[in-house]
Each structure stands twice: as structure tokens, then as C-alpha cells.
Amino acid sequence: MDNASSIHIWVYRGIFLGVAAFVILIQLLPLDTLPPSIPPPDVLPVLTFAWVLRRPEYVPIALIALIFLLADLFFMRPPGLWAALIVMGSEVLRSRGLAFREMPFIFEWALVAAVIAAITLANQVALAITVSQAPGLGPSLIQMVLTILLYPAAAIATRILFKVRRPTPGELSARRVRM
């Protein structure tokens with residue numbers, strides 16, 4: 001691996017870490033004194049999934065696990081549960097990323113929607129089994145739907161703002177393997 005591509009990958013990993021820290025900070029700020037009437041969409045998973053589907057080498061498993069474990073601690077969720085589910089969901093998407101490179105965006109969106117639905121329901125089941133304090137099923141489903149609806153905006157932001165695009169078929173990866 002040459003030095004330029006290695007630096008390029010680490011720069012984008014740093015950008016992703018900075019964006020994730022910014023999203024967490026915004027969610028922690030007390031911008032409103034009243035509780036929201038509807039739960040807001042979860043921005044961090046859709047950004048992560050958009051990056052994983054476009055450039056999986058920019059978001060390694062360890063970085064995803066670290067970011068979401070810290071998010072679990074900051075948001076006072078059961079430590080590691082949501083992080084583990086996001087890691088599993090991102091690995092499902094990473095394994096299918098090449099297949100969706102040539103397909104229309106609607107199929108990518110459907111796959112991400114299925115993954116978000118699966119991890120949301122798995123989270124609710126795990127919290128119910130352990131008799132942990134959890135938001136009700138209704139607010140979780142509303143947040144899930146809003147998160148799924150946010151995915152196209154996250155994909156556009158990933159492409160336009162951060163210049164993270166899918167590799168072209170003849171492009172070489174950092175390991176000098178055709179993608």
C-alpha cells in the first residue's frame with residue numbers, strides 16, 4: 001500500500017470520526033427544554049451505513065464499535081447493545097456493498113431500511129428480555145421510520161459534502177485489488 005492512499009484513508013477516517021463527534025454533540029445539547037413530541041431520527045446509523053456502502057475501507061469495524069459504544073455511554077443506553085447491533089448491521093451491508101454498486105438507489109435504500117428495521121426490533125427484544133427500561137414500541141417504530149426516511153439525505157450528504165463516492169469498477173483499492 002503506498003503512502004498517499006494510506007494517508008487518504010486515514011484522513012477520511014478522521015473526517016468520519018469528526019462528523020460522528022459533531023452529531024453526538026448536537027444530540028447532547030439542550031436545544032429545547034420540553035421533550036420532543038415525536039422522537040427524532042437517529043442520524044449516526046444512517047451516516048455510518050451510507051459510508052459503509054460507498055467506501056467500506058473508510059469505516060473499519062473498530063471505529064464503528066468505538067463511536068457507538070461512546071454514544072451508548074453518552075446517551076445512557078445499555079452499554080454495547082446498540083453498538084453491537086450497528087456493527088452487525090454495518091457488516092451485513094459491507095458484505096453486500098459490491099452487489100449494490102451497479103443497482104439503482106431504491107434497492108440500496110430498501111436494504112438499509114431492512115437492516116434498520118431488524119436492528120431496531122432486535123434492540124427492543126433484547127431490552128424486553130433483560131427487563132431494561134426502554135422507550136415504548138410506538139416511539140421506537142416512529143424513530144425507525146423517520147431514520148429510514150432520512151437515509152436518502154444522508155446518502156446525498158455523504159456524496160456531496162464529504163465526497164465519499166462508490167468506487168468505479170476499474171478502480172484499485174488501497175490494497176491494490178480491483179474493486
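The values are calculated or read from the model by the stated rules, or taken from the named source; none is laboratory data. On a predicted model such as this, the values are computed, not experimentally measured, just so you know. Here the Cβ positions follow ideal geometry from the backbone for every residue, glycine too, while neighbour counts run over all protein chains shown.
Structure notes:
- Test: residue in the stretch 162-179 that is loosely packed, with under 15 Cβ neighbours inside 10 Å, out of contact with any Gly (no Cβ under 7 Å at 6 or more places or on another chain) and either within 28 Å of P30 (Cα to Cα) or at pLDDT 95 or above (or both): no
- Evaluated against (1) assigned to a helix (DSSP H, G or I); (2) under 25 Å from S6 (Cα atoms); (3) of a type outside the set (D, E, K, R); (4) in contact (Cβ under 8 Å) with a residue 24 or more places away in the chain, S95 falls short on exactly one condition, (4).
- Hits in the stretch 98-119 - residues which are at pLDDT below 95, of a type outside the set (D, E, K, R) and either touching a Leu at 6+ places or on another chain (Cβ under 6 Å) or assigned to a loop (DSSP other than H, G, I, E, B) (or both): L98, A99, F100, M103, P104
- The stretch 134-155, residues that are exposed (fewer than 15 other Cβ atoms within 10 Å of the Cβ) and either touching a residue at least 40 places away in the same chain (Cβ under 8 Å) or under 14 Å from the mean Cα position of the chain (by Cα) (or both): P135, P139, L146, L149, A153
- Residues that are crowded, with 18+ Cβ neighbours inside 10 Å and closer than 19 Å to Y12 by Cα within the stretch 64-86 comprise I64, I67, F68, listed in sequence order.
- Evaluation of G89 against (1) touching a helix residue (DSSP H, G or I) at 6+ places or on another chain (Cβ under 6 Å); (2) within 22 Å of A153 (Cα to Cα); (3) assigned to a loop (DSSP other than H, G, I, E, B); (4) not hydrophobic (A, V, I, L, M, F, W, C) (one fails), failing number: (3)
- Selection of the stretch 18-72 for residues being among the aliphatic types (A, V, I, L, M), touching a helix residue (DSSP H, G or I) at 6+ places or on another chain (Cβ under 9 Å) and assigned to a loop (DSSP other than H, G, I, E, B) yields I38, V59.
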